[in-house]
Amino acid sequence: MLPITNLNPAFSLTRASHVTMAVTDLERSRDFYRDVIGLVVSAETDDAVYLRGLEEAAHHSLVLELAPEAKAMHVGLRVRSDDDIVAAEKFFTAGNIEYRRVERDHQGPTLQFRDPVGTHIELTSSMDVVPRKMQNYNEFVAGAPQRIDHYQVVTHDVQAATDFWTGLGMRMSEYTAKDGTDELWGTWMEVKGNTHDLVFTNGRGPRLHHFAYAVPDGASLIHAADVAGALGFGDEIDRGPGRHGISNALFLYLRDPDQHRVELFNTHYQFIDLETPPIRWDVTDPRRAQLWGMPASRRWFFEASEFPAEPVHEPLLQANPATLEDYLGVH
Ligand SMILES: [Fe+2]
């Protein structure tokens, strides 16, 4: 069933903004994100590293936290103002949604909660401001990632997740559905005016499939792949380069030393005008996944990062994706 976006939501979300990942070796992960991906280190402590993209004026878009187990801790979204944090508290209280207000270094008022499918979310209204490095071309390395863009979450119930987030003002730009129907298998939802901030796809969940950074151009993407190869991470490219039909992204997916997945991409398009309908794709149409390029590997399809103490549910819809291994006849 297609969702209806609430154009006057209880509070105002503005964009995907920051993700917190638990890692088992802080230095190793810092080196990966700095040297293989190309992020800027904003701050370091004994148990956390804060990183950002080159053009970002917000203090961090990736927080690495040292922990005994690799986990996805929170995916972060920004709200417009401090008043929206207060409005979010009222909304959660009225809807019996558990939340807590937390102190987070370098951030203003911050709330944490779980959405109805168990995704761990953090909302904040501001961050410390730092210099943009978008013209420090001498500091561009690897993929030269400019800014965080979106998250993809695997969920057992795409419809429930989509209904919740469109109720908070997100708009669906594209979706996959059972052939010839509107039974939702994957939904791409946005608030910032391009194709997506938050994606839900059908599978064992909740698990974070990836977080994504926009790179300047296709050459940066290929250079990131070359740097990954040069630094011994060539085998950790688990998909791409290729171009998705959905969202028109030129993409490259890499796994970090804890097997968290990060995407580098470019060329999403604008999705702002309210009258524009979402693009629908049959779930069996291979062009939705790749306009060109090889199908995704098994590990891209089936591996993702769990949230701490969050039970993983079997999906309501049963999928049998065509993998690279199937394509190559490997059994
Ligand atoms: Fe993505």
Residue count, region 199-217 (criterion: within 16 Å of the ligand (Cβ to nearest atom), more than 17 Å from GLY118 (Cα to Cα) and surrounded by fewer than 24 Cβ atoms within 10 Å (Cβ to Cβ)): 1
Residue that is closer than 29 Å to ALA219 by Cβ, open to solvent by 40 Å² or more (accessible area, probe 1.4 Å) and either modelled with pLDDT of 95 or more or of a type in the set (Ser, Thr, Tyr) (or both), where the choices are ARG15, ARG80: ARG15
Subset of region 174-193 [away from the ligand (no atom under 14 Å from the Cβ), in a strand (DSSP E or B) and open to solvent by 20 Å² or more (accessible area, probe 1.4 Å)]: TRP185
Scan of region 35-47 for residues that are over 19 Å from the mean Cα position of the chain (by Cα) and open to solvent by less than 10 Å² (accessible area, probe 1.4 Å), ordered by number: none
Test: HIS196 is assigned to a loop (DSSP other than H, G, I, E, B), within 16 Å of the ligand (Cβ to nearest atom) and either touching a Phe, Trp or Tyr at 6+ places or on another chain (Cβ under 9 Å) or on the phi > 0 side of the Ramachandran plot (or both): yes
Near pairs, Cβ below 7 angstrom, 6+ apart or cross-chain, from region 175-196 (closer than 20 Å to ARG287 by Cβ) to any residue that is among the small types (Gly, Ala, Ser) and within 12 Å of the ligand (Cβ to nearest atom): TYR175/GLY186; THR176/GLY186; TRP188/SER247; THR195/SER247; HIS196/SER247
Every pair of residues 6+ apart whose Cβ atoms lie under 8 Å, when the first sits in region 74-92 and is under 19 Å from HIS60 (Cα atoms) and among the β-branched types (Val, Ile, Thr) while the second is open to solvent by 10 Å² or more (accessible area, probe 1.4 Å) and assigned to a helix (DSSP H, G or I): none
First in region 265-276 and without any contact (Cβ under 8 Å) to a residue 40 or more places away in the chain, second anywhere and among the aromatic types (Phe, Trp, Tyr) and more than 12 Å from the ligand (Cβ to nearest atom), Cβ under 6 Å, 6 or more apart: none
Residue within region 267-284 that is assigned to a loop (DSSP other than H, G, I, E, B) and open to solvent by less than 30 Å² (accessible area, probe 1.4 Å) present: yes
Residue in region 216-235 that is in a strand (DSSP E or B) and either farther than 25 Å from HIS74 by Cβ or at pLDDT 95 or above (or both) present: no
Search result, residues across region 18-34 that are open to solvent by less than 10 Å² (accessible area, probe 1.4 Å) and of a type outside the set (A, V, I, L, M, F, W, C): HIS18, THR20, SER29, TYR33
Selection status of ASP157, away from the ligand (no atom under 14 Å from the Cβ), at pLDDT below 95 and surrounded by fewer than 24 Cβ atoms within 10 Å (Cβ to Cβ): no
Residue tally, condition among the aromatic types (Phe, Trp, Tyr) and either within 16 Å of ALA219 (Cβ to Cβ) or outside any strand (DSSP E or B) (or both), over region 237-253: 1
Subset tally (residues that are loosely packed, with under 15 Cβ neighbours inside 10 Å and under 18 Å from the mean Cα position of the chain (by Cα)) for region 305-318: 1
Pick from region 140-154, criterion within 16 Å of the ligand (Cβ to nearest atom) and more than 24 Å from HIS313 (Cβ to Cβ), ranking: most open to solvent (accessible area, probe 1.4 Å): ARG147
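Residue-wise test of (1) more than 16 Å from the ligand (Cβ to nearest atom); (2) open to solvent by less than 40 Å² (accessible area, probe 1.4 Å); (3) of a type outside the set (Gly, Ala, Ser).
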{"position": "PHE265", "(1), (2), (3)": "no, yes, yes"}
{"position": "GLU303", "(1), (2), (3)": "no, no, yes"}
{"position": "ASN320", "(1), (2), (3)": "yes, no, yes"}
{"position": "TYR327", "(1), (2), (3)": "yes, no, yes"}
Strands (runs of 3 or more DSSP E) completely within region 31-130 that count 3 or more residues being more than 21 Å from PHE211 (Cβ to Cβ): 99-102
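The values are calculated or read from the model by the stated rules, or taken from the named source; none is laboratory data. Model, not experiment: these values are computed from the prediction. Ideal geometry is used to build each Cβ from the backbone, glycine not excepted, and the neighbour counts take in all protein chains shown. Calculation scope for accessible area: heavy atoms of the full protein, side chains included, ligands and nucleic acids excluded. Shrake-Rupley method; radii C 1.70, N 1.55, O 1.52, S 1.80 Å.
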